[in-house]
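K.L.:
Below you'll find the structure I mean.
We did not get these values from a lab; they are worked out from the coordinates using the rules stated. Please read all numbers here as calculations on a predicted model, not as lab measurements. Because the Cβ atoms are built from the backbone with ideal geometry, glycine has one as well, and the counts that use them run over all protein chains shown.
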Amino acid sequence: MSAEATNPGAHSRRRGRPRIDLRRLGRAALLGPTGRDRLPDAIGHVVDAHRAHYPDADLATLHKAYVLAESSHRGQFRKSGEPYITHPLAVTLILAELGAETTTLTASLLHDTVEDTEVTLDQVRSEFGAEVGYLVDGVTKLEKVDYGAAAEPETFRKMLVATGNDVRVMSIKLADRLHNMRTLGVMRPEKQARIAKVTRDVLIPLAERLGVQALKTELEDLVFAILHPEEYERTRALIAENSTACTALAAIADDFRAALREAGISAEVLIRPRHFVSVHRVCLKRSQLRSTDFGRLLILVGEDADCYAVLGELHTCFTPVISEFKDFIAAPKFNLYQSLHTAVAGPDGAVAEVLIRTHQMHKVAEAGVVALGNPYVPVEGAEPADGERADPTRPGWLSRLLEWQESTPDPDTFWTSLRADLAQDGEITVFGADGRALGLPAGASCVDAAYAQYGEKAHTCIGARVNGRLATLSTVLGDGDTVHVLLAQDSASGPSPQWLDHARTPAARIAITSWLDAHPQRAAAPSTAPRRPAPLPAGRPASANAVVDLPEATVRLAGCCTPVPPDAVTGFPVRGGAVTVHRLECPAVARMTDVGREPVPVRWGDAAECRVTLVAESFGRPRLLADLTEVIAGEGAAIVSATVEPPTQQRVRHTYTLQLPDAAGLPALMRAMRDVPGVYDVSRTQHPAATA
């Protein structure tokens, strides 16, 4: 690969992000601290970047932290040969460029001292305060477990816990990983690949969820170069071949400036080149790239209202591509991102994608939670109350992950669920019956909404209303939907294994799995199928079984007609020496008789507990579902699972799989269900079945 292919961050430099010269910085670090009244030359980059965001910052603490870090790391070297102090300096510079406040930068300078030097955590707390000590301790805990395959689950469990208590811990960790990825070339190829995969699977999605786009995009490019070198090189060559592509965007930008100036709107219009992975994604999306596809136009204004003024002017003066419009100001994304997205076509037909935001929105869009400062100190210099770590900036997804990780003691289960959650693409907002907003991943179903609203109480969920209409639990929710979850009165009912097919959130999947593990008799068979009795010797009676006069025959109840006592039944031998029992009126019986299959005489043994599936046909009305479930519970039956089909011409079909304490009570149960106002028929389910 070319030198640039092994260092994709060079593209970031073209976008205006400075890169520290490690060799020069290393020489400055080796000279040690300078006089008492001057900052060391090696930390000058950090100071300049920090003052750009905080002109009045007190630099004494940074000076003190650097002196301690440099002296404690003195004599240590990285594999690349630079003095080790260059690493915490580079990490701190990354955070300073993003706008991190002084406390975070201080902890960043010291983040490896407790782990790799003689400096103790008590010493850090004593010299720099509790906040810096907390951050250093959080980062140190993440470093104590190796990134080997077996260690990953516990490593990232600790990472999430530390992040949840203070998002600045993860900010330092992400900057630490970015610098390590920049200098990964000194590692063996197999180790590079392993670290890149962990970065891709966990750290990049976390950077996305924390809104730190500047780190995320560079990490993506670095991972892309390591794991997909051929695609990376093709993309690099494509960008090089179209080095003048931004000329078309520049012409459109000039037209924008003129239009906004004429409208009296003060705005800054910038060209934002796409990074490598972004260009690669556009290539996959389109067979032929346009000259304007290599970048986007960014318009920065002073106030929120100005964003919409710019949008109106652009849509008036140019041809808008309506399908590309998105308003993330009125409805911010789950990671605090706010912006207006649109696309317009110029007079020559060239289409340009446009981002419109305020300067503050831009700062948060680039740096995410890093740009929000210290969330625990509302007044400059104030200390947080003892034990108080309620972070008002913590994204909702992180709060949810913290809740379910506490109930998941198994690290492997946690790891699997974490990776599944990080793989989700986007987030939607739905509203519960009480009007409370629920943040769920895109593709979430009513099952996820039930557990997000009610926790373990959702085990008794039997259906839902979505936007006022009855819906099945498998219904996929859309952004803005209103969901009213319906719970059964019988607390003995619980989820079926099929619910896992519809659950997207870790909270729902873990709760369902835990319940099924505690109730193995429910998890052993699909919720819509009858229980299968164990093999019985001839003539031996059993609870709710068919006794068949064949030695050592295995008896099973047909799923197509779900026979229960006292149904008239017959049996047919099948492969393996088993006998399948059907109701006499089952269509499968007639088909097998027509093809010459010989039936086997069967009879019911002692009647006892059984499972049956009933279908209730009804006219839609308020409280119908609640009345039906109340009647079912009143007859002593437990609801194993239930589905409610969308209404058709005001008619609704309910399907219930029920556990009855005594099969003899089935007729009375069906009569009670038919007596519910609005219900005009209740029948046993009949599933199509091939010849057994």
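K.L.:
Measuring from centroid to centroid over Cα atoms, what is the spacing of region 72-105 and region 215-266 in Å?
P.N.:
Cα centres, region 72-105 to region 215-266: 30 Å.
K.L.:
Sorting Met670, Met170, Met181 on the 10 Å Cβ count, fewest up front, what's the list?
P.N.:
Working: Met670 18, Met170 26, Met181 23.
So the ranking, lowest neighbour count to highest, is Met670, Met181, Met170.
K.L.:
Using the 10 angstrom Cβ neighbour count as an exposure proxy, how do Cys307, Cys317 rank, fewest first?
P.N.:
Listed from fewest to most nearby Cβ atoms, that is Cys317, Cys307.
K.L.:
Tell me which of Leu298, Ser278, Val351 sits at the most positive position along the dipole axis of region 242-369, charges placed on C-beta atoms (Lys, Arg +1; Asp, Glu -1).
P.N.:
Of the options given, the answer is Ser278.
K.L.:
Along region 622-638, what does the Karplus equation 6.51 cos²θ - 1.76 cosθ + 1.60 (θ = phi - 60°) give for ³J(HN,Hα), rounded to whole Hz, x for Gly and Pro?
P.N.:
x, 6, 4, 5, 5, 5, 5, 5, 5, 5, 4, 5, x, 8, x, 8, 9
K.L.:
Would you grab the residues whose amide H sits under 5 Å from the one on Ala350? Only those 5+ places off in sequence or on another chain, please, with H modelled 1.01 Å from N.
P.N.:
Correct list: empty.
K.L.:
May I ask you to work out the translational diffusion coefficient for region 228-367 at 37 °C, viscosity 0.692 mPa s, via Stokes-Einstein with Rh from the Kirkwood sum over Cα pairs, reported in whole µm²/s?
P.N.:
Working: Rh = 15.8 Å.
The Stokes-Einstein estimate is 208 µm²/s.
K.L.:
For Tyr54, enumerate residues with amide H under 5 Å from its amide H, sequence gap 5+ or separate chain, H modeled in the peptide plane.
P.N.:
Placed amide hydrogens put nothing under 5 Å from Tyr54.
K.L.:
Could I ask something else about it? Can you give me the C-alpha center-to-center distance between region 304-372 and region 432-450, rounded to a whole angstrom?
P.N.:
27
K.L.:
Quick check on region 627-690: take the gyration tensor over C-alpha atoms, sort the square-rooted eigenvalues as a ≥ b ≥ c, and tell me if it's rounded (a/c under 1.5), prolate or oblate.
P.N.:
Taking the square roots of the gyration eigenvalues as a ≥ b ≥ c, region 627-690 is oblate.
K.L.:
Turning to a different aspect of this structure: Identify all lysines with a Cα-Cα distance to Lys197 below 22 Å; exclude those on the same chain that are fewer than 8 residues away in sequence.
P.N.:
Lys79, Lys141, Lys144, Lys158, Lys173, Lys216
K.L.:
Arrange the following residues from fewest to most other Cβ atoms within 10 Å of their Cβ: Trp604, Trp515.
P.N.:
Trp515, Trp604
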